[in-house]
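Step one of this worksheet: look at the structure below.
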Amino acid sequence: MVRPEVGFSPENYVGAVVNGFKAKRLILRYATTHRHVRGQYFTNPDFSPHFSVFCLASGGFDTGNYEFEISQLNEHIRILFNLLGKRFDKDQLNIRFYLKFKSEHFFSLLTGKQDLFWADKKIRVIENFDNNYYNTIQFKIFLKRDNQETDLADGGVTDWTQKLLGNKKHRLFISGLGLDLVTKM
């Protein structure tokens, strides 16, 4: 696959690769860096419309009980949190979950298992979050420093490959980390 020097969304490129398989139990995992361009205006002086991003994408199929979503949420957060922990004190990093719908079952999977990476971390869960970009769940990792929080990384489940494949059982989990923002801080 040829990748342009500057593109709109690197997750779209990676998502296109992830959708190219049919094995029901296989999870494909990809990572890339990318120079990103955004058209919107940013009020935060630390944000820029032209920046580098580190992206992860995992594709697989629904195996029931939100197994894919929770396992990939765990994996993506672990990778990004550990990368950020090389630059910042891990006690300054906080994880926030945004649930698209209120579900006691999903909430219990998110908070009740001790083997999840965030089991001993500071987390906050916000339910009924309205977001058209992510389905089911979105996460963010914030740096709290000098009584200010900065959003450094985020990710979640999208329906892009479901639409491309015409298969509602397909899952795509993406995440990204703003590299320029991290190096500025």
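The values are calculated or read from the model by the stated rules, or taken from the named source; none is laboratory data. If you're wondering where the values come from, they're calculated on a predicted model, not measured in any experiment. Glycine gets a Cβ as well: all are built from the backbone with ideal geometry, and neighbour counts include every protein chain shown.
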Looking for whichever is in contact with a strand residue (DSSP E or B) (Cβ under 9 Å, 6 or more places away or on another chain), assigned to a loop (DSSP other than H, G, I, E, B) and touching a residue at least 12 places away in the same chain (Cβ under 8 Å) here; the options are F81, F97, F88. Which one fits? F88
Going by what's in this entry, would L84 be described as of a type in the set (A, V, I, L, M, F, W, C), over 28 Å from N167 (Cβ atoms), modelled with pLDDT of 90 or more and surrounded by 16 or more Cβ atoms within 10 Å (Cβ to Cβ)? yes
The lone exception for N44 - which of (1) under 15 Å from the mean Cα position of the chain (by Cα); (2) part of a loop (DSSP other than H, G, I, E, B); (3) under 28 Å from K184 (Cα atoms) it fails: (1)
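Among T161, T183, which is the only one that is within 16 Å of the chain's Cα centre (by Cα), among the β-branched types (V, I, T) and part of a helix (DSSP H, G or I)?
Values: T183 fails: within 16 Å of the chain's Cα centre (by Cα).
Sole residue among the options that is within 16 Å of the chain's Cα centre (by Cα), among the β-branched types (V, I, T) and part of a helix (DSSP H, G or I): T161.
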E69 passes all but one of (1) assigned to a helix (DSSP H, G or I); (2) out of contact with any helix residue (DSSP H, G or I) (no Cβ under 9 Å at 6 or more places or on another chain); which number fails? (2)
Just to be sure before I move on: is L164 in contact with a helix residue (DSSP H, G or I) (Cβ under 6 Å, 6 or more places away or on another chain) and either among the aliphatic types (A, V, I, L, M) or crowded, with 16+ Cβ neighbours inside 10 Å (or both) in the structure I sent? no
List the number of the failed condition for L109; all other conditions in (1) outside any strand (DSSP E or B); (2) under 16 Å from H76 (Cα atoms); (3) among the aliphatic types (A, V, I, L, M) hold. (2)
Could we say that I95 is within 26 Å of R25 (Cβ to Cβ) and either surrounded by 15 or more Cβ atoms within 10 Å (Cβ to Cβ) or at pLDDT below 90 (or both) here? no
Is the range 132-145 home to any residue that is more than 20 Å from C55 (Cβ to Cβ) and touching a residue at least 24 places away in the same chain (Cβ under 8 Å)? yes
